[in-house]
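What follows is one structure encoded as C-alpha cells, with my remarks underneath.
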Amino acid sequence: MESLGLIDPTQWGRRQLTDQERDRLRQVLQDQARLEGYDQLRELCRIGEPEMAHRLAAQHPEWGYGIQFGVVVADPVD
C-alpha cells in the first residue's frame, strides 16, 4: 500500500503494473495454485480416494503432480 504522500489525487484508478511486477504476480499465483493443488491431492489420497486424486491431477497438469500407488508424486511417469 502506498503512503498518502505518494498518491496523486489527479490520476484515476490504480497505477499500471510493470511487466516485471505482472510476471512476479503471475508466478506467485501459480505457486499458490500449485501448493493448494498438492494439498487437495494429498487429502484425497489420505481419505482413500486415489482414483479421484489421479483424475484431479490429470485435469491440472500445470500443478506438476501425479498419483502413484496412492501417493502424490512430483513429475509423474506414466
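What's the total number of residues in segment 26-46 that are among the hydrophobic types (A, V, I, L, M, F, W, C), surrounded by fewer than 12 Cβ atoms within 10 Å (Cβ to Cβ) and either in contact (Cβ under 8 Å) with a residue 24 or more places away in the chain or within 13 Å of residue 72 (Cα to Cα) (or both)?
From segment 26-46, those among the hydrophobic types (A, V, I, L, M, F, W, C) are 28-29, 33, 35, 41, 44-45; that's our starting set.
Now narrow it down to the ones that are surrounded by fewer than 12 Cβ atoms within 10 Å (Cβ to Cβ): 28-29, 35.
After this cut, where a residue has to be either in contact (Cβ under 8 Å) with a residue 24 or more places away in the chain or within 13 Å of residue 72 (Cα to Cα) (or both) as well, the list is 35.
Number of matching residues: 1.
What do you reckon, is residue 77 at pLDDT 90 or above and either in contact with a Lys or Arg (Cβ under 7 Å, 6 or more places away or on another chain) or in a loop (DSSP other than H, G, I, E, B) (or both)?
no
Could you please give the count of residues in segment 55-71 that are buried (at least 18 other Cβ atoms within 10 Å of the Cβ) and either in contact with a Cys (Cβ under 6 Å, 6 or more places away or on another chain) or more than 24 Å from residue 28 (Cα to Cα) (or both)? Let's see the steps before the verdict.
Narrowing segment 55-71 to residues buried (at least 18 other Cβ atoms within 10 Å of the Cβ): 57, 63, 65-67.
Adding the requirement that they be either in contact with a Cys (Cβ under 6 Å, 6 or more places away or on another chain) or more than 24 Å from residue 28 (Cα to Cα) (or both) leaves 67.
Summing the residues that are buried (at least 18 other Cβ atoms within 10 Å of the Cβ) and either in contact with a Cys (Cβ under 6 Å, 6 or more places away or on another chain) or more than 24 Å from residue 28 (Cα to Cα) (or both) in segment 55-71 gives 1.
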If I filter segment 32-50 for residues that are among the aliphatic types (A, V, I, L, M), in contact with a Pro (Cβ under 8 Å, 6 or more places away or on another chain) and not in a loop (DSSP other than H, G, I, E, B), do I get at least one hit? yes
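The values are calculated or read from the model by the stated rules, or taken from the named source; none is laboratory data. Here the structure is a predicted model, which means the values were calculated and not measured. Glycine gets a Cβ as well: all are built from the backbone with ideal geometry, and neighbour counts include every protein chain shown.
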